[in-house]
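To start, the structure itself, in structure tokens.
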Amino acid sequence: MSDIEWDLPTPYTLSLTVHETDVDRLGHANNVVYVRWLEDISWAHIESLGMTWELQLREGRAMAITRTEIDYLGSALAGDNLILGTWLVDYDGRIRSARRFQLVRCSDQRTIARAISRHACIDLKTQRPARIPQSIKTIMEGALVRGDID
């Protein structure tokens, strides 16, 4: 992993293997699988920071995805080992945040996908936008890596 040219410093990473069940009719990992991987690493990352689901339930707030953009730059085939990196790259201090992703194929260190997801804090009861509570705000501010989000 040390030879990977990450887009930003110190990514939170998740190792992945493309399984036969991930592959579609075209012979490569289906785009739905990429979305699942983004979701998996996002939850793992925030949990590692202390923004556990229990904390979010206690606060009655959570970050909901409002938009995801993925650029597919290469194929992932069954058996491929991948490393997915993520960073929290934007946070307005109130409601919105964004995170970037970079997916690298281990065999050749090639970036095969880049993505960005945008989020809004919601009240878990009303499902409407709500201010981020201080406990979550502190965690997000500590994890922020400044990077271009476009």
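Computed from the coordinates by the stated procedures, all read-outs in this text should not be read as laboratory data. Note that the structure is predicted; figures quoted are calculated from it, not measured. Backbone-built Cβ (ideal geometry, glycine too); neighbour counts: all protein chains shown.
Just to be sure before I move on: is ILE139 over 18 Å from THR10 (Cβ atoms) and either β-branched (Val, Ile, Thr) or in contact with an Asp or Glu (Cβ under 6 Å, 6 or more places away or on another chain) (or both) in the structure I sent?
Details: over 18 Å from THR10 (Cβ atoms): no; either β-branched (Val, Ile, Thr) or in contact with an Asp or Glu (Cβ under 6 Å, 6 or more places away or on another chain) (or both): yes.
So ILE139 fails the test.
Among the candidates TRP37, TRP43, TRP53, which residue alone is more than 21 Å from VAL104 (Cβ to Cβ) and not acidic (Asp, Glu)? Before you say what the answer is, go through the steps one by one.
Numbers: TRP37 fails: more than 21 Å from VAL104 (Cβ to Cβ); TRP43 fails: more than 21 Å from VAL104 (Cβ to Cβ).
After applying the criteria, what remains is TRP53.
Restricting to segment 34-71, and then to whatever is surrounded by 16 or more Cβ atoms within 10 Å (Cβ to Cβ) and charged (D, E, K, R), can you tell me which residue is nearest to the chain's Cα centre (by Cα)?
ARG61
Which members of segment 14-33 meet the condition of being out of contact with any Gly (no Cβ under 9 Å at 6 or more places or on another chain) and loosely packed, with under 11 Cβ neighbours inside 10 Å?
SER15, THR21, ARG25, LEU26, GLY27, VAL32
Spot the failing condition for THR66; the list is (1) out of contact with any Lys or Arg (no Cβ under 8 Å at 6 or more places or on another chain); (2) under 30 Å from LYS125 (Cβ atoms), and only one is missed.
(1)
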